[in-house]
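Here is the structure we will look at.
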Amino acid sequence: MKFKKKILCIGAGYVGGPSMAMIAYKCPDYKITVVDINQERIDAWNSSQLPVYEPGLDKIIKMCRGKNLFFSKDIKNQIKENDIIFVSVNTPTKTYGAGADMAADLQYVEKTARQILKYSQSSKIVIEKSTLPVKTALAMEKILSSAKGKIKFEILSNPEFLAEGTAVSDLENPDRVLIGSRETKSGLKARARLIEIYSRWVPLNKIMTSNIWSCELSKLVANAFLAQRVSSINSISALCEKTDADINEVANAVGMDSRIGNKFLNAGIGFGGSCFKKDILNLVYLCNYYNLREVASYWESVVKINQYQQERFIANILHTMFGTLAGKKICILGFAFKANTSDTRESPAIYISQKLLAEHAEINISDPRALNNAEIDLSGVKGKISYIEDPYKAAAGCHALVILTDWDLYRKLDFRKIYISMVKPAFLFDGRNVIDRKKCHSIGFNIYVIGKRALTHF
Ligand code: UDX
Ligand code: UDX
């Protein structure tokens, strides 16, 4: 079959894989190839066990793979063959040198730009999909503009706003698609080619265009605002616990104001995931770089509250369980950083588990999807850890239940059955506000929910 367009994506991760699958699904006359330096990842995308769990993704992959969607390891030839290239490689926080623990590590982005330069034999549009510090496109542009002869590269910024767990519906019905370009003749032409792809399924009034720097900054700011909302409600949850106010009632009352809105107001043990912390630290670094100290410290406080929320949660467990966890068994329900994903990157569960183990508690970890990642995250951590998928088996014989992920299945557990199997007095710490607290209290549990008054039997 002769394809109308050929598109390449470098980086087959949580962003690259699903977003290219959606283009393939919506544009059967385009050929989409996704490459990655990680061989295992590519093998997994080509198998029945996809490397990321996303509701609805399997179906799309099955429909398109081998027809107009291909996963390949051949980066060199794929760069040669495609003239529209998305870059979706990871941009973790730097762990070394200048800007360590703050700035984004751009080595993979730069390496990818150099690969594109090395193997290209014709002009190309290169699209940044990874979330990047402002002006990264400029660095890519400088590298790529060193190409000899007639080959020209046009750089676009097209950040992805999908959230894990809802990636398929976010990609299918995005709130907006943002495309940044140079406002030159060739920049605008490249922009139009990208609009042509998205307009296959996204209404034109949702496709926004801007200059590249606004586009790069908008993505960082969107994530910072979302994280800020979570930290804001979490800070108030601490106050609720002291004043007998109920965080759900406060969130509902506040969220009814249409200027504030009711989404993203669930108090919990703090945000995780690969983006929020990294992107805010990135923003903080940028502000400091431009000597905007007050702005930097304003955004840094969002990360500080997130850490504080986890510390507070652990301190409460320790204090409530009579000041010692040594030899006690604790069942952790949920290890993923949010429901409906197997992803555990920056999951609060990692830190909380480590702290419980440091207190010499024994932990049974249960999660419907994330146990493999949990084992990797905690490998090398000292202490007794068991990984048990069945929540009933994981809870049996434990002194406390600790809910760390908002999986729907935890709302539907038979808590009476669990209570009977536990050591008494049985404690239930709900870090995600998922349980029916009065019902669980009446069963016999001592209940501690984030942002609510404790219900105990003492
Ligand atoms: C990544 C970034 O973390 C995020 O900031 C950005 O918005 C989108 O890209 P994600 O897809 O979740 O998000 O990352 P990850 O799942 O780690 O996937 C990146 C992939 O790029 C990995 O599979 C990695 O092997 C691959 N990669 C990395 C390359 O193919 N080439 C490289 O040089 C480096
Ligand atoms: C986020 C952004 O939502 C998305 O637009 C961007 O592209 C990538 O980063 P993601 O990290 O996948 O997506 O998940 P998100 O739903 O935003 O949740 C992030 C964290 O905040 C999770 O740990 C979640 O549990 C937490 N959260 C979210 C809360 O604690 N309370 C809320 O009300 C909402």
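Of all lysines in the structure, those lying under 25 Å Cα to Cα from K62, and not within fewer than 8 positions of it along the same chain, are K2, K4, K5, K6, K26, K31, K73, K129. Here r is the Cβ-Cβ distance between K382 and D244 and R0 is 30 Å; the resulting FRET efficiency, rounded to 0.05, is 0.15. By the count of other C-beta atoms within 10 Å, a proxy for reagent exposure, I151, I350, I269 are ordered fewest to most as I151, I350, I269. A Stokes-Einstein calculation at 10 °C with viscosity 1.306 mPa s, built on the Kirkwood radius of the chain over Cα pairs, returns a diffusion coefficient of 67 µm²/s. Restricting the chymotrypsin sites (Phe, Trp or Tyr not before Pro) of region 292-396 to loop positions (DSSP other than H, G, I, E, B) with no more than 13 neighbouring Cβ atoms within 10 Å leaves F322. By definition, a body whose alpha carbon gyration tensor gives a ≥ b ≥ c is oblate when a/c is 1.5 or more and a/b is not larger than b/c, and region 290-351 fits this oblate description. For region 29-123, applying the loop criterion from DSSP together with a ceiling of 10 other beta carbons within 10 Å to the chymotrypsin sites (Phe, Trp or Tyr not before Pro) yields Y96.
Taking other Cβ atoms within 10 Å as a rough exposure proxy, E294, E141 sort from fewest to most as E294, E141. Would you mind telling me the antiparallel percentage of the DSSP bridges in the chain, rounded to 5? The antiparallel proportion sits near 5 percent.
Counted by neighbouring Cβ atoms within 10 Å, the residues H399, H360, H319 run from fewest to most as H319, H360, H399. Here the chain is treated with +1 on each Lys and Arg Cβ and -1 on each Asp and Glu Cβ, and its dipole about the Cα centre works out to around 1260 debye.
For region 5-202, the pair-distance distribution built from all alpha carbon pairs, in bins 10 Å wide starting at 0, is 9, 37, 38, 15, 1 percent.
Only helices enter this figure: runs of n ≥ 4 DSSP H residues, each worth -39500 (n - 2.57), summed and divided by the residues of the chain, yield -13000 deg cm²/dmol at 222 nm to the nearest 500.
Summing Lys and Arg as +1 and Asp and Glu as -1 over all other residues whose Cβ lies under 12 Å from the Cβ of C275 gives a net charge of 0. In a DSSP loop and with at most 13 other Cβ atoms within 10 Å, the GluC sites (Glu not before Pro) in region 325-433 are E389. Take the Cα coordinates of region 325-389, assign each an equal point scatterer, and use the Debye formula without solvent to give log10 I(q)/I(0) at q = 0.25 Å⁻¹. For region 325-389 at q = 0.25 Å⁻¹, log10 I(q)/I(0) is -1.05. DSSP assigns beta bridges within region 210-458; of those with both partners inside it, close to 5 percent run antiparallel.
When the convex hull of its Cα atoms is viewed from all sides, region 210-458 shows a mean projected area of 14.9 nm².
Rule-based calculations on the coordinates, nothing more; no lab input. Values in this document were obtained by computation on a predicted structure and should not be read as measured data. Note that we place each Cβ from the backbone using ideal geometry, even for glycine, and neighbour counts take in every protein chain shown.
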